[in-house]
1. Which residues, counting only those in segment 19-44, are crowded, with 16+ Cβ neighbours inside 10 Å and at pLDDT below 80?
2. Counting only residues that are of a type in the set (Gly, Ala, Ser) and closer than 17 Å to Gln379 by Cα, which one in segment 268-298 is least open to solvent (accessible area, probe 1.4 Å)?
3. Any chance you could count how many residues in segment 507-521 are free of Cβ contacts under 8 Å to residues at least 60 places away in the same chain and open to solvent by 40 Å² or more (accessible area, probe 1.4 Å)?
4. Among Pro66, Pro79, which is over 16 Å from Ile145 (Cα atoms) and open to solvent by 20 Å² or more (accessible area, probe 1.4 Å)?
5. Before we move on, is Asp231 modelled with pLDDT under 85 and closer than 25 Å to Leu465 by Cβ?
6. Return yes when Lys355 is touching an Asp or Glu at 6+ places or on another chain (Cβ under 6 Å) and surrounded by fewer than 20 Cβ atoms within 10 Å (Cβ to Cβ) and no when it is not.
7. Provide a single number: the residues in segment 469-486 that are within 13 Å of Thr562 (Cβ to Cβ) and out of contact with any strand residue (DSSP E or B) (no Cβ under 7 Å at 6 or more places or on another chain).
Amino acid sequence: MPDNREGYLKLGEILLKEGLITARQLEEAISVQRQKGGRLGEIMVKLGMIKEEQIVGALDKQLSIPYFSSGTASLKPAPDQGLERLVPQEFAFKNAVIPLSRTLRSLTVAMADPLDLILIDNLRKITGCEINPVIATKSDITKAIVEFYGKSAMFNEAVEASYALKPVDTAVEGEVSVDQELSLDKLIARAEEAPVVKLVDLIIRQAIDEHASDIHIEPFKDKISLRYRIDGKLYEIPPPARHLHVSIISRIKILSRMDIAEKRLPQDGAFLVKIDERPIDIRVSTIPTIYGEKIVMRLLDRSQVVLDLNLLGFDPSQLEYIRKGISAPYGLVFLTGPTGSGKTTTLYAILNEIKGAAKNIITIEDPVEYKLEGINQVQVKPEIGLTFATALRSFLRQDPDIMLVGEVRDLETAQICIRSALTGHLVLSTLHTNDAPSAVTRLMDIGIESYMLGPSLLAIVAQRLVRKLCPDCKEAYEPNQEQIKSVNLKAELIYRARGCSKCNKVGYRGRICVAEVMVINEEIRDLINQKASFQRIREVAKANGMSTLYDSAIKKVEKGITSLEEALSVTLGEE
């Protein structure tokens, strides 16, 4: 082993040069190594001659090899790069190495001994990459390996083990007490005490790791269906055993402060989890089905939400129209779109931009999804009579400049919003309509008079979310003449999804907004007063320069942000 011994001598020389060990200690360590084998650095640590941190610090200083530590979060492998398949778990544990990131043919690997040339050569052979070593202590690497490889492995093992478990007595499960703020890391450590607790925790943990927005647990006659919604699409996950359904639902209901004995009526609840000190809100909803209760958990990772209008996907001209509307001293701005189209995120990004010490901002929401500094936020509580309408009436006595109403659901709420807009307040709210012009007819349908609606409206923003193509594997191609003609493409090359390890073979990663912004000018106000159809309002808005949802989506296809198939699936029927 000439290469390795040369490496070890170099390590010894470096430690001698730094004055961390003596020549006598080095000879003693080399003697032990010759007798028992092993790495020189580990031997010196075991003999108490030096600490791990001193070794890596010396190598960092003498060889200019970067030192990574768990304390700085630099030992976290890059997600969605397939690193767990590139360096197998068994090899990583055996050799105290962990892959961190991959760029083209170069793989950055954290190693306890970056002078081990044989190990570096073996890594090169199994990965097919040139190895870029960085230094970390063995203990830090071991922790990182457990964290990185252990998640999916633990989840799969827990699911497999669930088929061997006997049905859990839900009465016993109901006696488990939990804190309002749940630490999944602590619960995983207690997994052996309660297999169902471990299974539920890992279902949630796996969903968070895969950036899912929702978890669906559905009972059927002979099985459970477990699905995660990722970037707007549902994907099936290996489900637990059918006979554990009641125990799993009971566990989630306990966490959510629901009544576990009530199985005939829908229920709603919520709880908070922490992953690496990141708070994640989980909203829970149950409904009774013929085979038992179905449960949906919505995950909100506030640390991953971007509350910046510039980064949501609006075109520059659309941003200009939005900013003109929200800078007005009074009036009404609506955001429209189906559930899950990003309306709330856009509203909060608007509030984040316009908030300040000179403005009194009050919100009424159901639920309060993001907590913003400097803004008074109120949670709807219908059971005690605190509805949108009752809260809004009180708001007007609170000297507000700007009011945000989570959603206009009825005539009374709509009337108060419009009166507030007409009496000197800027009001922001949402509606469920397919496009911007439909919001006008929707408001008139619920009973708003046209003579009040026209003067109060400033702008209506309709939006959707489209999946973004994975930048590492998207594939360019020339559209055919039929595609060019049918969608009026102007780009010579567009891109389609292909799939790679970084995007989990899906071809897409993340989502971005497509939108249409209808500015309410005098011409459109006249049409509102005339009770014109939404088709007529739409024609005039387009003639005045409004880019439709369809136009916005096609622009993102031409820029290579999304695929033509994805754009059409989201905006089909908008034209």
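The values are calculated or read from the model by the stated rules, or taken from the named source; none is laboratory data. Remember, predicted model here, so these are calculated numbers, not experimental data. We place every Cβ from the backbone using ideal geometry, glycine too, and count neighbours over all the protein chains shown. Ligands, DNA and RNA are stripped out before the accessible areas are found, and what is left, the full protein with its side chains, is counted by its heavy atoms. Shrake-Rupley method; radii C 1.70, N 1.55, O 1.52, S 1.80 Å.
1. Arg39, Leu40, Gly41, Glu42
2. Here is the first cut: in segment 268-298, the residues of a type in the set (Gly, Ala, Ser) are 269-270, 285, 292.
Then keep just the ones that are closer than 17 Å to Gln379 by Cα; that gives 269-270.
Working: Gly269: 18, Ala270: 56 Å².
Only one residue tops the list, namely Gly269.
3. At the first step, the residues of segment 507-521 found to be free of Cβ contacts under 8 Å to residues at least 60 places away in the same chain are 507, 521.
Keeping just the survivors that are open to solvent by 40 Å² or more (accessible area, probe 1.4 Å) gives 521.
Final tally of qualifying residues: 1.
4. Values: Pro79 fails: over 16 Å from Ile145 (Cα atoms).
Result: Pro66 is the single residue among Pro66, Pro79 that is over 16 Å from Ile145 (Cα atoms) and open to solvent by 20 Å² or more (accessible area, probe 1.4 Å).
5. Numbers: modelled with pLDDT under 85: no; closer than 25 Å to Leu465 by Cβ: yes.
No.
6. On the way: touching an Asp or Glu at 6+ places or on another chain (Cβ under 6 Å): no; surrounded by fewer than 20 Cβ atoms within 10 Å (Cβ to Cβ): yes.
When the stated conditions are applied, Lys355 does not pass them.
7. Qualifying residue count for the region: 1.
One line per residue, one yes/no per condition, for (1) among the aromatic types (Phe, Trp, Tyr); (2) open to solvent by less than 40 Å² (accessible area, probe 1.4 Å); (3) free of Cβ contacts under 8 Å to residues at least 60 places away in the same chain:
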| residue | (1), (2), (3) |
| --- | --- |
| Leu300 | no, yes, no |
| Ser303 | no, no, yes |
| Asn310 | no, no, yes |
| Phe314 | yes, yes, no |
| Ser317 | no, no, no |
| Arg323 | no, no, yes |
| Ile326 | no, yes, no |
